[in-house]
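> Have a look at this one.
All of the numbers you see were taken from the coordinates with simple rules; none came from a lab. The shown structure was predicted, so the numbers you read here are calculated from the model rather than taken from an experiment. For neighbour counting, all protein chains shown are included, and Cβ atoms are generated from backbone atoms with ideal geometry for every residue, glycine included.
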Amino acid sequence: MKGKALERNIALMALAAGLVLAAMLAATVLQGAAETSFDAAMPPAQYADNLLQHETALRTYVALDSFFVLFYTAVFVLLAMALKNAENLWLVAAGLGALLITSYLDIHENNELLVFLQMAQQGVLPGAEMVHSRALWSAVKFHSSYVSFFLMAFVLPNKTALERILRWALWLGYVPVGILVYAFPSPWFTLARFVFMLVGLFLLAWNFHLRSRK
């Protein structure tokens with residue numbers, strides 16, 4: 001796969017990832033679990049209660065996020081294929097490697113949530129170490145994505161205004177806001193990170209759609 005076909009597939013996968021991400025937000029809000037975080041450290045009993053109280057929302061989230069992982073991983077693999085050359089090979093490889101770490105941790109996270117839910121349904125509380133580990137690796141997952149986005153922004157096309165907006169939005173928006181989510185926890189930073197991610201995916205889809213038509 002190369003040329004216009006590659007660019008069309010990047011656009012398609014980025015659009016699919018953006019739509020699934022939007023669906024995840026809508027499902028979370030509509031099912032009344034917007035304030036519930038399964039990625040935060042909390043007492044095991046409280047964690048198990050949250051799982052049981054929001055089982056439907058949790059299962060919906062895991063299903064949608066599993067598709068999201070497929071789509072965003074495809075986006076970055078295709079981007080690496082499209083953008084690599086002799087001069088930026090190591091940069092692209094590092095960016096893709098960081099993204100694949102994110103993908104693996106996302107997959108592990110989703111399946112771990114389902115295991116925790118099964119344990120809670122059987123009256124078995126997850127240990128404090130397990131909850132702590134999940135919170136830690138969730139943070140590592142996001143920080144790995146920050147590394148990937150930061151590096152890949154260097155090789156993204158930057159000929160049009162929208163392409164330049166996307167590049168600088170990654171450098172000055174998604175990455176720093178994402179770091180602030182953990183350094184200074186706030187729902188506003190979390191929301192801003194989500195918005196940057198969503199808009200970034202749609203911008204990427206549109207930019208490569210336009211490139212494929214030239």
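> Would you mind checking the tilt of helix 3-30 against the longest principal axis of the Cα atoms of the chain, expressed as 0 to 90 degrees and rounded to 10?
30 degrees
> Next up: Taking 8 Å as the Cα distance limit and 6 or more residues as the minimum spacing, I'd like the relative contact order of the stretch 3-212 as a percentage.
Rounded, it is 31 percent for the stretch 3-212.
> From the phi angles alone, apply the Karplus equation (6.51, -1.76, 1.60; θ = phi - 60°) to the stretch 200-214 and give each ³J(HN,Hα) in whole Hz, x where the residue is Gly or Pro.
So the J values, rounded to whole Hz, are x, 5, 5, 5, 4, 4, 5, 4, 7, 5, 5, 5, 5, 9, 7.
> Work through the residues other than L156 whose Cβ is under 12 Å from its Cβ and net out their charges, Lys, Arg +1 and Asp, Glu -1.
On the way: positive: K159, R164, R167, R211; negative: E163.
Its environment carries a net charge of +3.
> Stokes-Einstein D for the chain at 10 °C, 1.306 mPa s, Kirkwood Rh over Cα pairs, in µm²/s? Before the final figure, lay out each step's value.
Working: Rh = 18.1 Å.
Answer from the Stokes-Einstein relation: 88 µm²/s.
> Mind checking which lysines have their Cα closer than 16 Å to the Cα of K2? Skip sequence neighbours fewer than 8 apart in that chain.
K2 reaches K84, K214.
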